[in-house]
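Peer 1: Okay, here's the structure, questions in a sec.
The values are calculated or read from the model by the stated rules, or taken from the named source; none is laboratory data. None of the values given here were measured: they were computed from a predicted structure. Here the Cβ positions follow ideal geometry from the backbone for every residue, glycine too, while neighbour counts run over all protein chains shown.
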Amino acid sequence: MAEKKKVIKRLKTMYPLRGLVDKMFEKAVEYSHEGKPVAWCMVNWWGGDSLLRAMDVACIYPEDYGAVCAAAGVAQTYLERCNSDGFPDHICGYARNCLGYASLMKAQGGIPAGAPMGGMPKPSLLVGSGYFCDTRFKWFQALGRYMDAPLWLLEMPHPGVPESLGKDSEKYIIRFMVEELKKFVAFLERSLGKKMDWDRLDEIVSDTIEMNRVWWEVNELRKVKPCPVHSRDFWSCMPAALYQAGDPKETTILYKNMYDEVKGMIDRGEAAVPNEKFRLAFAELPPWHSLGFFDNLAERGWNCVVESWAYHPPQFIDLSQYKDPLERVARHTFQYFAGFFKHAHEAGEELGYFGYPYIEYVKNYKCDGFLAHPLLTCRTATNHLMYVQDRLMQKLKVPSLFMEGDIIDYTLFNPDEVLRKADAFEEAMLHYRDVRKKEGLDW
Amino acid sequence: MSEHNLKGIAKAQKIYSDRSQRVKELKVAGAQILGYMCIYPVVEIISSFDLVPYRIFGSIEEPITKADNCLPTCVCPFLRSALDLGLKGKYDFLDGVVMAHPCEVAEKLAHIWRTYMDPVYSFYIDTPHATREAAIEYHKESLKDFQKSLEVFLGKGASSEKLKKTIEDYNEQRALVRELYDLKKPDPPLISGVETIEVLESLMSIPVKEGNELIRDVIEEIKERRGGPAKGARVLIWGSIIDSIAVVKLIEDLGANVVMDDTCVGSRFFFPDVETTGDPLDKLARRYLVDLKCPRTFIESGIEAGKKDYAEDLALRFGYLGDYVKQWNIKGVVLYALRFCDTHAYEVVSVKDYLSSLGIPSIYLEHDYSATSLSPLKTRVQAFLETLGY
């Protein structure tokens, strides 16, 4: 593998945001020791997190823990355990990591020895989600073999672009989401033996929406040339918002600090990558075990300026007119899901999420290339990539580079192979700059 | 004998061997054909507008070439194959398509299909994973939108009476299919697993009333014929889509009888009826969302008790398999999943656990949906049948 050099300039304000993830796992262990409720959750794009926090449940995310295990180099043990229990090896790497972990947890009667970050304590609740990915509830259903925690499925509609724009569509979509949330509240109250604190929920929901607004503003700043925030910083601090890793009011302050730092860098003309030659959009999940590889690319002047649609906050919309916090939760999450749909429809495009957003990203962030990371074990992060590649070339004359790998299993990623393709890809990016100019595109 | 004079099994085999021939004839005569993917697009609504529903399948015989530019190799090979056939013009006779959300890849495919195939008409029916009342209500609203889109496309209104009548036609077909499966209960069964697939795929390739006539003839023929399948290990096959006879033939050529199935070309699609009283859209929403037992739908357990009991959870999710085991006197189960089919892959260990609790042995086979990779499966099935004492 190529020598690792730290070329990417990291944001100072990223570190406290990244640190919230550690605290999130520590809190869960503390809660477990104190006999307080702990939930294992699937990422649900704020569709259920606020309700859990308002009920004082410590939430941890086995998806995130998969990345932690991969980065700590212990995932292989859990993957092998999962295989030996009979699960097919092509299912999600995060899921295999977690199923293997849970199997060991059952065998050892507690947090498996050597589990990183203090481990994930036994959950009182499992909160799966039906968002985008079948794995997000099938994996938790499969956990029933190892634990007796009840499983709730948070549901979200997935209408197509034209179907979402029907006369009454939004009305019945939001009604469905709100009704589902009411049932979730009832489930929580029954399971936890206490009532929802509606005032607290109202406050958390407002804080969460504000947190995402500020985080969205930070990402808007990245449109400038040269870009001061590399994707590595995005990935490091996205869990703070995506998982509501800390108190959203306090997290908002940390994102505001980041906004100030980034604004200062822009004023001083500073970039995340010295001598930014190529601006790239990255999709979807990075190789968590090999993040240093992006320094090798940065050395060549490649700056990843936008990434991972699924993990970006929604474009801000004012929801203050909706007094019911459940309706604000529903509308905020649906805005995340369908925020690009209207534009996609106007542009005659399909795949309003996972697909079309990259067209806007590449155009607005003036990207030279699309760097795609297809994952052998993840349909969600992979099945649209060739489509996006094609649409970007058809609509915007922007070329793509595919680097195959996996989020957990480092044996599936070959960085040298990517570097071997880099020269040719740079030539393609330069070529298409000329093509775009000829076609009247402005970058 | 002219193919129009064929009846029963021979006719089904003819249709199976050239599935689109009949709908192409109907199209020449003025009918409009609507393709649908998987079991969630509501065929009753399609037929109630006098459209002919035609199920879209892939082909394990045809190498995937064109779809490689649209879908990566690490997603469901069946869906890639279906798109591949579409891109090669094999579905050009369709006047439109209806797709749903059976899994995340099929859901994406619905949108990708629209981009690359540019059908004159298309609709995507969102299908929740949950089965709570709000989800059923949402599904019903989606079905209303589907109806409205067909009204716009065809320039004519939906008829509740027509829909009710069409539901009755399909329920009649479902009753006939169940009757056909009853003929698989004796030992040996009166009809083979291969013949069953040929008949059922035929039903998904012709108008419902023609299908009902066909299956009535098949049942009559089967009851009277001599020289059906010989005795052998009684096997149930569970899993992902099996739209070719090849896999079942492989098992039956080894001396077993596939007397029952739980796949979306077999009992999973045909067994549940639609209730005929009340609002038809409401009943359709419930039938498709709740009654179809596909792993893509979430069945909750332990919610009221606050604690999940694994054995109870398995019984709730797979109890119907236990009934099949008893009624069809099953000796072993083949779990068959396509590589990269997540919804089934996650289920494999649980289904095995459930079957073990019943004392029923099982084997898991993973297939890449190509005819050339069947041989290794044959060796494994042979070994499995030996463990069953055959």
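Peer 1: For the stretch B:285-299, give me each residue that is of a type outside the set (Lys, Arg) and in contact (Cβ under 8 Å) with a residue 60 or more places away in the chain.
Peer 2: Passing the criteria: B:ALA285, B:TYR288, B:LEU289, B:VAL290, B:LEU292, B:CYS294, B:THR297, B:PHE298, B:ILE299.
Peer 1: Another question, then. If you scan the stretch B:61-71, which residues turn out to be of a type outside the set (Asp, Glu), touching a helix residue (DSSP H, G or I) at 6+ places or on another chain (Cβ under 8 Å) and surrounded by fewer than 23 Cβ atoms within 10 Å (Cβ to Cβ)?
Peer 2: B:ILE64, B:THR65, B:LYS66, B:ASN69, B:CYS70
Peer 1: Can I ask one more? In a helix (DSSP H, G or I) and without any contact (Cβ under 8 Å) to a residue 40 or more places away in the chain: which single residue out of A:ALA102, A:ALA107, A:ALA95, A:ALA142 fits that description?
Peer 2: Just one listed residue meets the conditions, A:ALA107.
Peer 1: Would you check which residues across the stretch A:7-21 are touching a Leu at 6+ places or on another chain (Cβ under 6 Å) and surrounded by fewer than 21 Cβ atoms within 10 Å (Cβ to Cβ) and list them?
Peer 2: Listed by number, the list holds a single entry, A:PRO16.
Peer 1: Quick check on the stretch A:186-195. Is at least one of its residues at the interface with chain B (Cβ under 8 Å from one of its Cβ atoms), in a helix (DSSP H, G or I) and surrounded by fewer than 18 Cβ atoms within 10 Å (Cβ to Cβ)?
Peer 2: yes
Peer 1: I want to confirm something. Restricting to the stretch B:132-182 and keeping residues that are in the same structural domain as B:LEU289 (by TED's automatic domain parsing) and in contact with a Lys or Arg (Cβ under 7 Å, 6 or more places away or on another chain), which single residue is nearest to A:LYS182 (Cα to Cα)?
Peer 2: Once the filter is applied, the top-ranked residue is B:ASP169.
Okay, residues lined up against (1) part of a loop (DSSP other than H, G, I, E, B); (2) surrounded by 24 or more Cβ atoms within 10 Å (Cβ to Cβ):
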{"position": "B:GLY89", "(1), (2)": "yes, no"}
{"position": "B:PHE93", "(1), (2)": "yes, no"}
{"position": "B:VAL105", "(1), (2)": "no, yes"}
{"position": "B:LEU109", "(1), (2)": "no, yes"}
{"position": "B:ARG114", "(1), (2)": "no, no"}
{"position": "B:TYR124", "(1), (2)": "no, yes"}
{"position": "B:PRO128", "(1), (2)": "yes, yes"}
{"position": "B:ALA134", "(1), (2)": "no, no"}
{"position": "B:LYS148", "(1), (2)": "no, no"}
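Peer 1: Which members of the stretch B:73-87 meet the condition of being assigned to a loop (DSSP other than H, G, I, E, B) and surrounded by fewer than 24 Cβ atoms within 10 Å (Cβ to Cβ)?
Peer 2: B:THR73, B:CYS74
Peer 1: In the stretch B:302-335, what residues are touching a strand residue (DSSP E or B) at 6+ places or on another chain (Cβ under 8 Å), more than 7 Å from chain A (Cβ to nearest Cβ) and in a loop (DSSP other than H, G, I, E, B)?
Peer 2: If the condition is that a residue be touching a strand residue (DSSP E or B) at 6+ places or on another chain (Cβ under 8 Å), more than 7 Å from chain A (Cβ to nearest Cβ) and in a loop (DSSP other than H, G, I, E, B), then B:TRP328, B:ASN329, B:ILE330, B:LYS331 are the ones that fit.
Peer 1: Give the residues of the stretch B:109-122 that are within 7 Å of chain A (Cβ to nearest Cβ) and of a type outside the set (Val, Ile, Thr), sorted by residue number.
Peer 2: B:ALA110, B:HIS111, B:ARG114
Peer 1: I'd like the full set of residues that are surrounded by fewer than 14 Cβ atoms within 10 Å (Cβ to Cβ) and assigned to a helix (DSSP H, G or I), limited to the stretch B:155-164.
Peer 2: B:SER160, B:GLU161
Peer 1: Give me the residue from the stretch B:43-97 that is within 19 Å of B:CYS341 (Cα to Cα), over 21 Å from the mean Cα position of the chain (by Cα) and free of Cβ contacts under 8 Å to residues at least 60 places away in the same chain and, out of that set, farthest from the other protein chains (Cβ to nearest Cβ).
Peer 2: B:ILE64
Peer 1: What are the residues in the stretch A:145-175 that are among the acidic types (Asp, Glu), in a loop (DSSP other than H, G, I, E, B) and facing chain B (nearest Cβ under 7 Å), if any?
Peer 2: Quick first cut of the stretch A:145-175, residues among the acidic types (Asp, Glu) only: A:148, A:155, A:163, A:168, A:170.
Next cut, in a loop (DSSP other than H, G, I, E, B) only: A:148, A:155, A:168.
Hits for the stretch A:145-175 are A:ASP148, A:GLU155.
Peer 1: Among what's in the stretch B:308-336 and is hydroxyl-bearing (Ser, Thr, Tyr) and under 20 Å from the mean Cα position of the chain (by Cα), pick the residue that is farthest from A:PHE187 (Cα to Cα).
Peer 2: Going residue by residue through the stretch B:308-336, those that are hydroxyl-bearing (Ser, Thr, Tyr) are B:310, B:320, B:324, B:336.
Filter once more, so that each one left must be under 20 Å from the mean Cα position of the chain (by Cα): B:320, B:324, B:336.
Numbers: B:TYR320: 27, B:TYR324: 33, B:TYR336: 35 Å.
Looking at residues that are hydroxyl-bearing (Ser, Thr, Tyr) and under 20 Å from the mean Cα position of the chain (by Cα), I get B:TYR336.
Peer 1: So which of A:GLU3, A:GLU34, A:GLU30 ends up being at pLDDT below 95 and more than 20 Å from the chain's Cα centre (by Cα)?
Peer 2: Values: A:GLU34 fails: at pLDDT below 95; A:GLU30 fails: at pLDDT below 95.
Of A:GLU3, A:GLU34, A:GLU30, the one residue that is at pLDDT below 95 and more than 20 Å from the chain's Cα centre (by Cα) is A:GLU3.
Peer 1: Only one of (1) at positive phi; (2) buried (at least 24 other Cβ atoms within 10 Å of the Cβ) is not met by A:MET120, so which one is it?
Peer 2: Here A:MET120 clears every test but (1).
Peer 1: Answer with yes or no whether A:LEU254 is under 23 Å from the mean Cα position of the chain (by Cα), under 30 Å from A:TYR31 (Cα atoms), within 14 Å of chain B (Cβ to nearest Cβ) and at pLDDT 95 or above.
Peer 2: no
Peer 1: So which helices (runs of 4 or more DSSP H) stay within the stretch A:307-382 end to end and still have 2 or more residues that are within 12 Å of chain B (Cβ to nearest Cβ) and within 23 Å of A:ALA241 (Cα to Cα)?
Peer 2: Output list reads A:325-338.
Peer 1: Here is a check on your reading of the model: is B:ASP368 surrounded by fewer than 17 Cβ atoms within 10 Å (Cβ to Cβ), under 27 Å from A:THR377 (Cβ atoms), of a type outside the set (A, V, I, L, M) and touching a Pro at 6+ places or on another chain (Cβ under 6 Å)?
Peer 2: yes
Peer 1: Also, I was wondering about something else. Give the residue that is surrounded by the most Cβ atoms within 10 Å (Cβ to Cβ), with candidates limited to residues of the stretch A:62-87 that are at pLDDT 95 or above and assigned to a loop (DSSP other than H, G, I, E, B).
Peer 2: A:PHE87
Peer 1: Yes or no: A:PRO112 in contact with a strand residue (DSSP E or B) (Cβ under 7 Å, 6 or more places away or on another chain), away from every other protein chain (no Cβ under 14 Å), part of a loop (DSSP other than H, G, I, E, B) and modelled with pLDDT of 95 or more?
Peer 2: Taking the combined requirement at face value, the residue does not satisfy it.
Peer 1: Which of the numbered conditions does A:GLY130 fail, given that it passes all the others? Conditions: (1) free of Cβ contacts under 8 Å to residues at least 60 places away in the same chain; (2) more than 7 Å from every other protein chain (Cβ to nearest Cβ); (3) touching a His at 6+ places or on another chain (Cβ under 9 Å).
Peer 2: (2) is the only condition that A:GLY130 fails.
Peer 1: Would you call A:ASP406 within 14 Å of another protein chain (Cβ to nearest Cβ) and acidic (Asp, Glu)? Break it down into steps so the answer makes sense when it comes.
Peer 2: On the way: within 14 Å of another protein chain (Cβ to nearest Cβ): yes; acidic (Asp, Glu): yes.
In short, yes.
Peer 1: Right, here's the next one. If I ask for residues that are surrounded by fewer than 16 Cβ atoms within 10 Å (Cβ to Cβ) and more than 18 Å from A:CYS82 (Cα to Cα), which ones from the stretch A:403-420 would you list?
Peer 2: Within the stretch A:403-420, A:ASN414, A:ASP416, A:GLU417, A:ARG420 meet the criteria.
Peer 1: Follow-up. Quick test for you: out of B:ARG178, B:ARG174, pick the one residue that is under 25 Å from B:ALA82 (Cβ atoms) and part of a helix (DSSP H, G or I).
Peer 2: Result: B:ARG174 is the single residue among B:ARG178, B:ARG174 that is under 25 Å from B:ALA82 (Cβ atoms) and part of a helix (DSSP H, G or I).
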